[in-house]
Every structure is written in structure tokens, then in C-alpha cells.
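Engineer: Please see the structure below; I have some questions.
The values are calculated or read from the model by the stated rules, or taken from the named source; none is laboratory data. Model, not experiment: these values are computed from the prediction. All Cβ positions, even for glycine, are placed from backbone atoms using ideal geometry, and neighbour counts span all protein chains on display.
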Amino acid sequence: MRTVINTACRVCAAALFVLAAARPGAAQPSTEPNSCATCHAALPDQRLSAPAKAFGASDVHREKGFMCVDCHGGNPTTADKVKSHDVAGRDSAMAFHGKPAGSEIVATCARCHSNAEIMRTFAPKQRVDQAAEYATSVHGKRLAAGDAKVATCATCHGAHGIRLVSDAKSPVFPTNVAGTCASCHANAEHMAGYKLADGGALPTTQLAD
């Protein structure tokens, strides 16, 4: 059964122009080699080490058996820098593409979260229409129009160290949502240039008000 499910997931991922699929047979932290986390956690540059450390702490994806390569690609079985960052995809199931941005983030998340078969394995009650719904939102429409400043999945949920919505420490836990929205909407510099329908400046005092 595990083989059948794994094969089905690979077919689904290929249909989305992704060469590697998530491993739906896993339901606990993976015991497979992960040189990505090992190497990055030891790097002096916090931009590179902090994500690995966060992923190694409380992260719902890691706890379900997913690894760095499921989103970033590359080869996690080698400590060789060139081979692990396998941009050509010669030694790995999915070529390394590093840090996604903008619409790439939504596509990366949607690869699993819009796939009913995968989500049925990991979170049967989870909706699978979030990406489609996001596309109809103000953020989604602006992103499609080329606005790289708007919120994506990772802006609100985080990219590493992601917690369940029901976790009180999650940025999207009900009592934390206002603060999460305010991280952008109360930032006058970030919101500069955005206008209301009448042409007036978009206010940044909503949280305080």
C-alpha cells in the first residue's frame, strides 16, 4: 500500500511540473539522512542557520516526516556542497531551487495542500481549496499582478517552525491573527503606496484603533 501511495503522489507531483513528490507514507519525523539541516544549522550566517534550527524544533511538516528537500529540492544524503545543491537534478529526485518567493511560495505549498490524496493521508479534515481561495483574495490578485510585497502563505503561517492553527503559539491562532496582520498593515513604510478605493492612502492604524 505504501508503494502504491508513493507512486500515486509522484504522478500527481509530475502533473504539477514538480519532479519529486512528498512521502505520504511517513507519519513521524524522518530518520533518513538530512545533510541540509545538519550543515545549515552550523552555519554562522543566521539567514541560513535560523530556518534549519526552526525546522528542527516544533514544525508540523517535520513531525509528519517531511524534509527540506520536499520544498527546496536537492540531495540530502551528501555533505558535498555542490552535490547537495543539485540544481541540475542529476543526483536528486527534485532539482535544488533554493528559497521560493512570491507565487513560487504559493505553488510550493499548494503542491501538497491542494492535493486531496496527499492531504487525506496526513490531515483528513484539512481543506484543499486554500490556494484557489487565496487566488481570489486581494493579496492573491495583487501577487498575480506582480506585487511582490503582498502576503503569501509563508507570511502568515511561517516557512519553518510552522505550527498547527490550533497551537496557541501559531501566528494564525485566533488570538494572534490581529498581530500577524498588523506586522504588515501597521507598518507605514511597508504599506506606503497602497490606496483605498477612493484614492486615499491605506491607513495603518487599524490595530491601534
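Engineer: Test A132 against the stated conditions and say whether it is farther than 14 Å from C36 by Cβ, at pLDDT 90 or above and surrounded by fewer than 18 Cβ atoms within 10 Å (Cβ to Cβ). Break it down into steps so the answer makes sense when it comes.
Structural biologist: On the way: farther than 14 Å from C36 by Cβ: yes; at pLDDT 90 or above: yes; surrounded by fewer than 18 Cβ atoms within 10 Å (Cβ to Cβ): yes.
Taking the combined requirement at face value, the residue satisfies it.
Engineer: To continue, here is another question. Which residue pairs have Cβ atoms under 7 Å apart, sit 6 or more places apart or on different chains, and have a first residue in segment 88-104 that is in a loop (DSSP other than H, G, I, E, B) and a second that is surrounded by fewer than 16 Cβ atoms within 10 Å (Cβ to Cβ)?
Structural biologist: Short answer, once both residue conditions are applied: G89/L19; A93/L19; M94/L19; A95/L19; A95/V87; A95/A88; F96/V87; G102/A148.
Results for (1) hydroxyl-bearing (S, T, Y); (2) farther than 30 Å from M67 by Cα; (3) outside the structural domain of K53 (by TED's automatic domain parsing); (4) part of a helix (DSSP H, G or I), shown as yes or no for each residue.
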{"site": "E117", "(1), (2), (3), (4)": "no, no, no, yes"}
{"site": "A131", "(1), (2), (3), (4)": "no, no, no, yes"}
{"site": "A151", "(1), (2), (3), (4)": "no, no, no, no"}
{"site": "S166", "(1), (2), (3), (4)": "yes, no, yes, no"}
{"site": "T180", "(1), (2), (3), (4)": "yes, no, yes, yes"}
{"site": "H190", "(1), (2), (3), (4)": "no, yes, yes, yes"}
{"site": "D198", "(1), (2), (3), (4)": "no, yes, yes, no"}
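Engineer: How many residues does segment 48-69 contain that are assigned to a helix (DSSP H, G or I) and closer than 14 Å to G98 by Cβ?
Structural biologist: Residues of segment 48-69 that are assigned to a helix (DSSP H, G or I), as a first pass: 48-56, 60-63, 69.
Cutting the leftovers down to closer than 14 Å to G98 by Cβ gives us 48, 51-52, 69.
The total comes to 4.
Engineer: When you go through T121, T78 one by one, which is the residue that is buried (at least 18 other Cβ atoms within 10 Å of the Cβ), at pLDDT below 95 and hydroxyl-bearing (S, T, Y)? Don't jump to the end; show me each part of the working.
Structural biologist: Working: T78 fails: buried (at least 18 other Cβ atoms within 10 Å of the Cβ).
One residue alone meets the criteria, T121.
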